[in-house]
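What follows is one structure encoded as structure tokens, with my remarks underneath.
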Amino acid sequence: MTSALPFSGVLFGAAYYAEYQPEGVLERDLDLMAEAGFTAIRVGESVWSTWEPREGEFELDWLQPVLDGAHARGIRVVLGTPTYAVPLWLARRHPEIVTEVETGRRIGWGGRQEMDQSHPAYRFYAERVARKVVERYADHPAVVGFQVDNEPGLMLPRNEHTFQGFVDWLKARYGTVEELNREWGLVYWSHLLSDWSDLWRPDGNWSPQYALEWRRYQSTLATDLIGWQAQMVREYARDDQFVTTCISYTRPQISDDELAASLDVTAGNPYYRMQSGLDAGVDEDRHAAWNHRSVWALFQWADRAWSSKQAPFLVTETNAQSISGPFDNRPPHPGQLKQAAFALLARGGRMVEYWHWHTLHFGTETYWGGVLPHSQKPGRVYREVAALGADLKALGDALDGFEPDAEVLFVWSTDSKWDLEVQSPLAMPGGASPDTASYQRIVDAHYRGLVEAGAQVRMMHARQLAAADPADLVRRFPVLVAPGLYTASDEVLAALRAYAEAGGHLVLGIRTGYGDHLGRARLAVAPALLADAAGAWYDEYSNLDEPLSVEAGAAIELEAGSAGVEWVDVLQVDGAEVLASFAPTELGAEAALVTRAAGSGRITTVPTKPNAAFSRSIARWLVPAPAAAAWSADDTVTVTTGASAGRRIVFLANWSGSPASVTAPAAARDLVSGATYGAGDPVPLERRAAVVLEVVDRSAE
């Protein structure tokens, strides 16, 4: 498949594993799914040892009743290749494929993805089972698409095979050890290589240039695995079937825009903290390792998913009930499942599937709650899922071709994320150790303020930005925010400058423009290649033990409590206008926010990590009239807008346990209930409510 998705409307359903279920429940399960409005299930990806219980012995027919039953009920199927969960017989037969987490020390068995996915022995067996499964079911009329592998990139293998691949990769990039010595600065600490065989293993490495290139090489392994399987599956797939994988964006091997290039559509797995985690304004500064803990972070995940291919995406897994171990049980408050689903659709989702249908009675994820609880009796969660299914059926094809609006473009840099894990500018509480999540937290500080101030954001990878036309970016996105962009080539920094000079408003944050493409500190004042145009520069900076309070000038209004936290650049103002200042300190940092005209546009510099109040204040100055403002929404309400085949679509959500309302700026119709509102009419939102409207009178826009 090479064009649009081969379905209309929003696919809705859950992962379904009949092989985990007691016998005799298949027909009951499928009937309940159909009654809940399911239009898709995902199957098959986790059980290689069921498909091939012993080497070379394949059992392929067990899935047939599931696909037949789904098809009879109009439920489409996404079929997975089972290559991420390696059977024990294969590890016993070929122990060399087991991942070495340290050189010479293999990982223990009993989890998943314990293999070196580039090893030829693994590839041989993975290809064989994948071909058997796909060939058996590719022609089944229920199959709408294929998921190759599952959440790739969990490990960073250090096997001999992998390390020698790294050496070969470096040879292709640098040519000679002399060039590598020069580029990595290996004169330091007597690390100069005399031969490629001198390259040390990653286990004891302290060189940031080595660490960055090691991560880049590791990402090629996940990208190649997915591209290899996608090409294989397309040998069997029909033109009306898509190929994807499900991305977990926290996986250490993942460079998502590169990985998604071989796929027809991006798919991924957002998990989020429910109950108070979906309250408006919840003060969560940090992400957990794998789940999101605020409303803005849920929107951020969706914007990341769009960024992978700059296109709509599928949600292959998300919460149905509690998602975590038995110590962390937070099932959703009534209404939160619909809120989260509509939020993902509002930012470009075209499928919502829960993980999973039935809560397991065994295994590691016993307490990762499904649509059905352990009793398998349909309860409150099933009823809410079924109500959402009915809403999506009423929504019909309204989101076909939907593209979310964005007033702000936000630059994402996977290289900077990896580099700042090693060269972390922020510290853990107490200051004694580095915060390896520094990049994400710098990004979050700006992103949160934008969303909470009502702005809508599009994310774009630095690579994508460098290849884009600056004038086109200005036309589409009047503001571009680039914080934490530490590891950046000259081309990326030139693209930022070209955007501003073409008429855009460029916003620079801490660490942006400080390092080059290898994470080397640039021989220049910061931000390199941008300082003269920005009218401000620095070469002194400091971590902060206490917040620096911020005072506003006449041009910007600040929320009470606005401050810089954790880091400050001591700006030297050279032509820029100072919009806000820090309270005096012995450090001498004075300018807290500066701006200067640059070409036809403007560059604004934020020399600190803004706290939530300061971030929202900056966002309101950057985007004084977001599309959401026209709806006069209460503080607990998000308003997200977009266009679909010439129609104007508006998503409203009340992230609160109390009622709220908005005021319609133009005549609108609820696409689910059919309720209509005139211009100036209140649109009531009950607690945890989520609605989707079409603006039917656009004269007021």
Any hit, region 416-430, residues being without any contact (Cβ under 8 Å) to a residue 60 or more places away in the chain, among the small types (Gly, Ala, Ser) and in a loop (DSSP other than H, G, I, E, B) | yes
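Here's a check for you: in region 248-295, which residue that is in contact with an Asp or Glu (Cβ under 6 Å, 6 or more places away or on another chain) and at pLDDT 95 or above is surrounded by the most Cβ atoms within 10 Å (Cβ to Cβ)?
Filtering first and then ranking leaves Asn269.
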Run down Asp397, Asp391 and say which single residue is more than 16 Å from the chain's Cα centre (by Cα), more than 30 Å from Gln440 (Cα to Cα), surrounded by fewer than 20 Cβ atoms within 10 Å (Cβ to Cβ) and not aliphatic (A, V, I, L, M).
-> Asp397
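Residue-wise test of (1) at negative phi; (2) basic (Lys, Arg); (3) in the same structural domain as Gly145 (by TED's automatic domain parsing); (4) within 29 Å of the chain's Cα centre (by Cα).
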position	(1), (2), (3), (4)
Val77	yes, no, yes, yes
Gly80	yes, no, yes, yes
Pro95	yes, no, yes, no
Ile107	yes, no, yes, yes
Arg112	yes, yes, yes, yes
Asp116	yes, no, yes, yes
Selection count, region 548-569, where residues are crowded, with 16+ Cβ neighbours inside 10 Å and over 16 Å from Arg596 (Cα atoms) = 14
Can you name the number of the only condition in (1) in a strand (DSSP E or B); (2) farther than 22 Å from His333 by Cα that Arg616 fails?
-> (1)
Of the conditions (1) over 14 Å from the mean Cα position of the chain (by Cα); (2) at pLDDT 95 or above, the single one that Lys309 does not satisfy is (1)
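Yes or no, residue by residue, for (1) modelled with pLDDT of 95 or more; (2) under 21 Å from Val451 (Cα atoms); (3) buried (at least 20 other Cβ atoms within 10 Å of the Cβ):
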position: Ala643; (1), (2), (3): yes, yes, no
position: Trp655; (1), (2), (3): yes, yes, yes
position: Ala675; (1), (2), (3): yes, no, no
position: Ala689; (1), (2), (3): yes, yes, yes
position: Glu701; (1), (2), (3): no, no, no
Go through region 93-110 and give me each residue that's more than 30 Å from Ala18 (Cβ to Cβ), not in a loop (DSSP other than H, G, I, E, B) and not aliphatic (A, V, I, L, M).
-> Pro95, Glu96, Glu100, Glu102, Arg105, Arg106
Note on region 337-372: residues surrounded by fewer than 24 Cβ atoms within 10 Å (Cβ to Cβ) and aromatic (Phe, Trp, Tyr) are Trp355, Phe362, Tyr367, Trp368
Please give the number of the condition Arg458 fails out of (1) in contact with a helix residue (DSSP H, G or I) (Cβ under 9 Å, 6 or more places away or on another chain); (2) among the charged types (D, E, K, R); (3) assigned to a helix (DSSP H, G or I); (4) over 28 Å from Gln209 (Cβ atoms).
-> (3)
Kindly establish whether Asp283 is charged (D, E, K, R) and assigned to a loop (DSSP other than H, G, I, E, B).
-> yes
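Residues that are in contact with a Ser or Thr (Cβ under 8 Å, 6 or more places away or on another chain) and assigned to a helix (DSSP H, G or I): does region 345-364 have at least one?
Within region 345-364, one or more residues are in contact with a Ser or Thr (Cβ under 8 Å, 6 or more places away or on another chain) and assigned to a helix (DSSP H, G or I).
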Residues in region 606-617: is at least one under 25 Å from Ala552 (Cα atoms), outside the structural domain of Gly389 (by TED's automatic domain parsing) and among the basic types (Lys, Arg)?
-> yes
Give the residue, chosen from Ala528, Ala554, that is of a type in the set (A, V, I, L, M) and either outside the structural domain of Val573 (by TED's automatic domain parsing) or under 30 Å from Leu170 (Cα atoms) (or both).
-> Ala528
Of the conditions (1) under 30 Å from Val352 (Cβ atoms); (2) outside any loop (DSSP other than H, G, I, E, B), Ala172 fails just one. Which one is it?
-> (1)
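Every residue in region 532-570 that is of a type outside the set (Gly, Ala, Ser) and touching a helix residue (DSSP H, G or I) at 6+ places or on another chain (Cβ under 9 Å), please.
The answer is Trp537, Tyr538, Val550, Ile556, Glu557, Leu558, Glu559, Val565, Glu566, Trp567.
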Is it true that some residue in region 629-638 is more than 18 Å from Val295 (Cβ to Cβ) and of a type in the set (Asp, Glu)?
-> no
Just give me the residues in region 471-481 being assigned to a loop (DSSP other than H, G, I, E, B) and surrounded by 18 or more Cβ atoms within 10 Å (Cβ to Cβ), in sequence order.
-> Phe477
Any idea which of Leu212, Leu221, Leu193, Leu225 is of a type outside the set (Ser, Thr, Tyr) and either outside any helix (DSSP H, G or I) or at pLDDT below 95 (or both)?
-> Leu193
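The values are calculated or read from the model by the stated rules, or taken from the named source; none is laboratory data. These figures come from a predicted structure and were not determined experimentally. With ideal geometry, Cβ positions are generated from the backbone for all residues, glycine too; neighbour counts draw on all protein chains shown.
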